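Novice: One structure, pasted below without further comment.
The values are calculated or read from the model by the stated rules, or taken from the named source; none is laboratory data. Given the structure is predicted, the values throughout are model-derived calculations rather than measurements. Cβ sites come from the backbone with ideal geometry, for glycine too, and all protein chains shown count toward neighbours. Accessible surface is based on the protein model in full, side chains and every heavy atom, while ligands, DNA and RNA are left aside. Shrake-Rupley method; radii C 1.70, N 1.55, O 1.52, S 1.80 Å.
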Amino acid sequence: MGDRILRRRRAAFAAGLATLALALGTAAGPAGPATAAPALQLNYVAIGDSYTAGTGAGEDVKPASTTCWQSSPGYVADVDKTGRVSLVVNAACHGALLTGGTETSVQTQIQTLAYTQALNASTGMVTVTAGANDAGVSPVLLACASNGVEVCANAVAASEGALGQVGTGLATAYATIQGVAPNAKIAVLGYPRLFEPADGNPYFSLDEQVLINLATDRLNAAIAGAVASANAGGADAQFVDVTPRFSGHAVNSDDPWIVYNGGNPLADSNFHPNAAGHRAYATAVMSEVKPAKLAK
C-alpha cells in the first residue's frame, strides 16, 4: 500500500515538472539557438538622373524606343540587396533634367510618385542624383574633347554660370520630396571626379582633365549648398560626397570605376559608374546615411 502511494506521488511530481517545463518553454534536450528578430526595413524610393538609373552598369547605348531608360544592376539595386531597405520604386531616368515638363524630369518623377502614393509618409529613405544635366556636363565633355583648352575653359565657365539656377532648382526638389514624404531621410549623392589628371590621353589633355574635374567640384559644391538651403527650410537631407571613394578609380586609372569606351565616344554609358562604381555608391549610402539606424 505504501509503495503504491509513493509511486503515485512520484508520478504526480514528474507530471508537475513536465507542466512547468512547458510553461517555461524548456525542453528535455539542450536549448536551440534563439531566433533573431527580423531587421527593420525602411521603405526606399530612388529619384533622379542616369547615375541613379544605373547607367554604366548594363547596356552601353539607350534603346531608341525607351523613354525612361534604366540599367541594372545599379547602386539602387545594390542598396536594396542589403536587406536594410525595401525598395518601393526606382523612378530615375537616364538624361533627366530637374524640370521642363518632360515625363522623365525629376519634377515629373516626384509628381508621379506623389500621385501614385509610392512616395508618402511611410517612406523612410529617398536617394537622389540630379543637377549634372542641368549644369551642362555633357556639353562640357564634348567641348573639351573636340576643341582644345580655350574652348574647354569657356564651356566650364558657362557651366559654372548656370549653377545658381541649378542650386535653386535642387533645393526646391528636395523640399518638394520632403513635403510628400515628411518622415524620409533624403540622401543626396554627388558626382565623382572623372580623371586622375595625366598626360597621354588621346581625347583630353592634362589641362582639360583638370578643368573637367574643377567643373565637377563646383557642381558638387552647388549640390551641397542646395542641401543646406533645403535643410534651413525644414528638410532632412544629407549630402553624400563620393569623390574620396573614387580616388584612384577614374576613367584613366589602372582600376577604373567609371566607364569610358574610346572606341565609342558617344556611348551613353561613358562617364558613368561601372558595376564597381555603383557598388561604391551603394557603400556610400549604407555607411554614411546608415539606413539601419534610421529604421529604429
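Novice: Enter the Cα centre distance for the pair segment 81-101 and segment 233-266, rounded to the nearest angstrom.
Specialist: Result: 18 Å between the Cα centres.
Novice: Divide by every residue of the chain the summed helix terms, -39500 (n - 2.57) for each DSSP H run of at least 4, and state the resulting mean residue ellipticity at 222 nm, rounded to the nearest 500 deg cm²/dmol.
Specialist: Details: 10 runs with 126 residues, N = 296.
Here the helix-only value at 222 nm equals -13500 deg cm²/dmol.
Novice: Still on this model: For segment 171-293, what is the Kirkwood estimate of the hydrodynamic radius, computed as the reciprocal of the mean inverse distance between distinct Cα atoms, to one decimal in Å?
Specialist: 15.8
Novice: At q = 0.20, 0.27 Å⁻¹, what base-10 log of I(q)/I(0) does the Debye formula yield for segment 70-144 when every alpha carbon is treated as an equal point scatterer in vacuo?
Specialist: -0.97, -1.31
Novice: Still on this structure, please answer the following. I'd like the Kirkwood hydrodynamic radius of segment 142-191, using the inverse of the mean 1/r over distinct C-alpha pairs, in Å. Present the calculation step by step, with values, prior to reporting the outcome.
Specialist: On the way: mean 1/r = 0.0752 Å⁻¹.
So the Kirkwood estimate lands at 13.3 Å.
Novice: I'd like the distance separating the alpha-carbon centroids of segment 194-213 and segment 47-77, in whole Å.
Specialist: Cα centres, segment 194-213 to segment 47-77: 26 Å.
Novice: Please give the contour-minus-distance gain from Ala221 to Glu59: 0.36 nm per residue of separation, less the Cα-Cα distance, rounded to one decimal in nm. Intermediate values should be presented prior to the final figure.
Specialist: Numbers: separation 162, 0.36 × 162 = 58.32 nm, distance 3.04 nm.
This chain segment gains 55.3 nm when fully extended.
Novice: Still on this structure, I have one more. Working from Cα positions, state the angle (0 to 90°, nearest 10) between the long axis of helix 163-180 and the longest principal axis of the chain.
Specialist: Long axis of 163-180 versus the principal axis of the chain: about 20 degrees.
Novice: Eight or more residues apart or on different chains, and alpha-carbon atoms under 22 Å: count the Lys pairs in the chain matching that.
Specialist: Details: Lys81/Lys185; Lys81/Lys290; Lys81/Lys293; Lys81/Lys296; Lys185/Lys290; Lys185/Lys293; Lys185/Lys296.
Lysine pairs meeting both conditions in the chain amount to 7.
Novice: Continuing with the same structure: Return the equivalent ellipsoid semi-axes of the chain as a descending list in whole Å, where each equals the square root of 5 times an eigenvalue of the C-alpha gyration tensor.
Specialist: Values: eigenvalues 581, 98, 52 Å².
Working through the eigenvalues yields semi-axes of 54, 22, 16 Å.
Novice: Pairing the Cα long axis of helix 275-284 with the longest principal axis of the chain, what angle in degrees results, from 0 to 90 and rounded to the nearest 10?
Specialist: In the chain, helix 275-284 runs at an angle near 60 degrees to the longest axis.
Novice: Residue separation times 0.36 nm, minus the C-alpha to C-alpha distance between Ser138 and Asp207: what's the value?
Specialist: Details: separation 69, 0.36 × 69 = 24.84 nm, distance 1.78 nm.
Length difference between fully extended and current span is 23.1 nm.
Novice: Now a separate question. Using the heavy atoms of the protein chains alone and a 1.4 angstrom probe, what is the accessible area of the chain per residue in square angstrom? Please list the in-between numbers first.
Specialist: On the way: 14430 Å² over 296 residues.
For the chain, the solvent-accessible area averages 49 Å² per residue.
Novice: Also, quick follow-up: Relative to the longest principal axis of the C-alpha atoms of the chain, give the angle of the C-alpha long axis of helix 149-161, reported between 0 and 90° and rounded to the nearest 10°.
Specialist: Approximately 60 degrees, to the nearest 10.
Novice: Have a look at Ser247, Tyr44, Gly263 and report the one farthest towards the positive end of the charge dipole of the chain, computed about the Cα centre with Cβ charges (Lys/Arg +1, Asp/Glu -1).
Specialist: Tyr44
Novice: Still on this structure: Given points 7 Å out from each Cα along the Cα-Cβ axis, report the Ala157 to Thr102 separation in nanometres with one decimal.
Specialist: Inter-label distance under the simple model: 2.8 nm.
Novice: Could you give the length gained on full extension between Thr116 and Ala292, defined as 0.36 nm per residue of separation minus the Cα-Cα distance, in nm? Please list the in-between numbers first.
Specialist: On the way: separation 176, 0.36 × 176 = 63.36 nm, distance 2.63 nm.
Residue separation times 0.36 nm, minus the Cα-Cα distance, leaves 60.7 nm.
Novice: Relative to a virtual label point 7 Å from the Cα of Ser253 in the Cα→beta-carbon direction, which members of segment 179-196 show backbone nitrogen distances below 19 Å?
Specialist: Under cut-off, by backbone N: 189-196.
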